[in-house]
Amino acid sequence: MRNFRNTLILCFCLIGWAEGKTTIFYDVTDFGAVGDGTTLNTEAIQKAIDTAHADGGGVVVVPRGTFLAGSLFLKSHVTLYLAPNAVLLASSCPEDYAPVDFCPQNRAFAGDFVKGSHFIIAVEQENVKICGEGTINGNGITFLKDPNSNRLLPKQKVPWRPGQMLFFCECENVTVEGVTLTNSPYWTSFYHGCENVRIDGIRIRNRRDAANADGIDIDCCRNVVIANCDIDTCDDCITLRANTEPLKKKRPCENVAVSNCVLSSACQAIRVGVGDGEIRNAVFSDLVIHNTNVGLNFHSSYSPKSPGTMIRNIRFQNIVMEVGEAFHMTYGHAAADRTISDVYFSDISGTAQRTSYLRGKPEQPLKNIHFTDIDIHCTGADTLLKAEHLQGEKIRDCSFSHL
């Protein structure tokens, strides 16, 4: 362990030397944390984070072992580093989580049978980072049982479970890198109203029967890079959303680049939509989508209570997929002024089992939807693509063949 710590210190010192800064390390065991999987370490780990923040910033190290904890609050200029074979394990006790009113921007979706509690939290912070080769385990399976410890199926009412496992709200300069995120009780990682977000090289593994276990949810964020991620989960792998209502500073979801990812989901690989704002200027490229229900899904509004999102200037390119349905695009309950326009699909190939649907409305057509160099083989339906109420669409060099 000493050799590993010396190597870690050397690596961070070289980074600090290159940037003209000195890196200070705060090992959570020096603050009383015990990695035995049963000792509750919330206070000790939080003290390490708070001390690093008070000292002007530093690296909080979670060494090898399983460290049980409740809600933890990340602070500005603090890096949470998980060493190889380190596990940060979420508590299964509701009383170990922060109250739902810990910040005014917090919301819980009652229809999902979820509370507004979270495991790792950062609100209105800057320069926060989670990295390393360790694991954050949301302990999700413990919440998906009835009072008699019987396993609950998806969509059954859950007695109590926390919300998003990682919750970043109105933060600036957020990095999540290298770690494994697993066993989330709800959405795995949620970024709401943040600016300058980088998610690189993470691995997400959730149970296929864990309801609402999204991988990465980007909501009203600006300047986002997601790269080199491997996601296998129950619900959407990556989503772009625009729910401005809870935020202090309203903003669109914009300037998003997603690349070099492998995605697998019991639901959608990519979903764009939901909220009351705007989603614009995004590129998804070099993706492999497999063992997934819907590959690329646009849905402006699921509920008549929501006006829906305006979606424009989204590009998908160089994608291989093996899915139930390749493309799905609809307004749902969206208001007439919430248009979907300027969406480009190119260099996409693979197989699908069902018909793909693009559904505009007579008074609200889908505008400027472009398909170029598409080669999808359909294995289970005679009709490969149904398109209704499109305006200005272009389809070139496309093959939707039936196998």
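The values are calculated or read from the model by the stated rules, or taken from the named source; none is laboratory data. Since we're looking at a predicted model, the values are computed, not measured. With ideal geometry, Cβ positions are generated from the backbone for all residues, glycine too; neighbour counts draw on all protein chains shown. The area values use the complete protein model at the heavy-atom level, side chains included, leaving out ligands, DNA and RNA. Shrake-Rupley method; radii C 1.70, N 1.55, O 1.52, S 1.80 Å.
When Arg271, Arg222, Arg241 are screened for being in contact with a Leu (Cβ under 9 Å, 6 or more places away or on another chain) and among the basic types (Lys, Arg), only Arg271 passes. Reported count of residues in the stretch 161-187, each being in a strand (DSSP E or B), surrounded by fewer than 24 Cβ atoms within 10 Å (Cβ to Cβ) and either at positive phi or out of contact with any Gly (no Cβ under 9 Å at 6 or more places or on another chain) (or both), is 3. Restricted to the stretch 151-160, and to residues there that are surrounded by fewer than 17 Cβ atoms within 10 Å (Cβ to Cβ) and under 24 Å from Leu68 (Cβ atoms), the residue that is modelled with the lowest pLDDT is Arg151.
Residue-level analysis places Val60 among those that are at pLDDT 95 or above, part of a strand (DSSP E or B) and either in contact with a Leu (Cβ under 6 Å, 6 or more places away or on another chain) or surrounded by fewer than 19 Cβ atoms within 10 Å (Cβ to Cβ) (or both). The residue of the stretch 367-403 that is nearest to Val272 (Cα to Cα), among those that are aliphatic (A, V, I, L, M) and open to solvent by less than 70 Å² (accessible area, probe 1.4 Å), is Ile369.
Criterion first (open to solvent by less than 20 Å² (accessible area, probe 1.4 Å), within 22 Å of Gln317 (Cβ to Cβ) and touching a strand residue (DSSP E or B) at 6+ places or on another chain (Cβ under 8 Å)) does Val256 satisfy it?
Details: open to solvent by less than 20 Å² (accessible area, probe 1.4 Å): yes; within 22 Å of Gln317 (Cβ to Cβ): yes; touching a strand residue (DSSP E or B) at 6+ places or on another chain (Cβ under 8 Å): yes.
Taking the combined requirement at face value, the residue satisfies it.
Note on the stretch 63-89: among residues that are touching a Lys or Arg at 6+ places or on another chain (Cβ under 8 Å) and crowded, with 21+ Cβ neighbours inside 10 Å, the one that is nearest to Asn139 (Cα to Cα) is Ala86. Within the stretch 20-54, the set of residues being open to solvent by less than 30 Å² (accessible area, probe 1.4 Å) and of a type in the set (A, V, I, L, M, F, W, C) comprises Val28, Ala33, Ala44, Ile45, Ala48, Ile49, Ala52.
Restricting attention to the stretch 122-146 and to residues that are part of a loop (DSSP other than H, G, I, E, B), touching a Leu at 6+ places or on another chain (Cβ under 7 Å) and of a type outside the set (D, E, K, R), the residue that is modelled with the lowest pLDDT turns out to be Leu144.
When restricted to residues that are of a type outside the set (A, V, I, L, M, F, W, C), assigned to a helix (DSSP H, G or I) and at pLDDT below 95, the stretch 13-57 contains 1. Return the residue satisfying two criteria in turn: it lies in the stretch 278-302 and is more than 17 Å from Arg359 (Cβ to Cβ) and touching a Gly at 6+ places or on another chain (Cβ under 8 Å), and of such residues it is surrounded by the most Cβ atoms within 10 Å (Cβ to Cβ). So, considering only residues that are more than 17 Å from Arg359 (Cβ to Cβ) and touching a Gly at 6+ places or on another chain (Cβ under 8 Å), the one surrounded by the most Cβ atoms within 10 Å (Cβ to Cβ) is Ile279.
Please tell me if Gln364 is open to solvent by less than 10 Å² (accessible area, probe 1.4 Å) and over 29 Å from the mean Cα position of the chain (by Cα). The answer is yes for Gln364.
Here's the yes/no breakdown for (1) among the basic types (Lys, Arg); (2) modelled with pLDDT of 90 or more; (3) within 19 Å of Glu322 (Cβ to Cβ):
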{"position": "Gly360", "(1), (2), (3)": "no, yes, no"}
{"position": "Leu366", "(1), (2), (3)": "no, yes, no"}
{"position": "Thr372", "(1), (2), (3)": "no, yes, no"}
{"position": "Ala381", "(1), (2), (3)": "no, no, yes"}
{"position": "Leu384", "(1), (2), (3)": "no, no, yes"}
{"position": "Leu390", "(1), (2), (3)": "no, yes, no"}
{"position": "Ile395", "(1), (2), (3)": "no, no, no"}
{"position": "Phe400", "(1), (2), (3)": "no, no, yes"}
{"position": "Leu403", "(1), (2), (3)": "no, no, yes"}
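Among the residues making up the stretch 367-398, a single one is within 31 Å of the chain's Cα centre (by Cα), β-branched (Val, Ile, Thr) and part of a loop (DSSP other than H, G, I, E, B): Thr379.
For the stretch 219-240, filtered to residues that are touching an Asp or Glu at 6+ places or on another chain (Cβ under 7 Å) and of a type in the set (D, E, K, R), the residue that is farthest from Gly134 (Cα to Cα) is Arg222. Among the residues making up the stretch 225-253, those that are buried (at least 20 other Cβ atoms within 10 Å of the Cβ) and charged (D, E, K, R) are Asp232, Asp235, Asp236, Arg241.
Is at least one residue of the stretch 241-248 within 14 Å of Val197 (Cβ to Cβ), in a loop (DSSP other than H, G, I, E, B) and of a type in the set (Lys, Arg)?
There is no residue in the stretch 241-248 that is within 14 Å of Val197 (Cβ to Cβ), in a loop (DSSP other than H, G, I, E, B) and of a type in the set (Lys, Arg).
Determine if the stretch 207-218 includes at least one residue that is over 19 Å from Val128 (Cβ atoms), of a type in the set (D, E, K, R), touching a strand residue (DSSP E or B) at 6+ places or on another chain (Cβ under 7 Å) and open to solvent by less than 20 Å² (accessible area, probe 1.4 Å). Yes, that holds for at least one residue.
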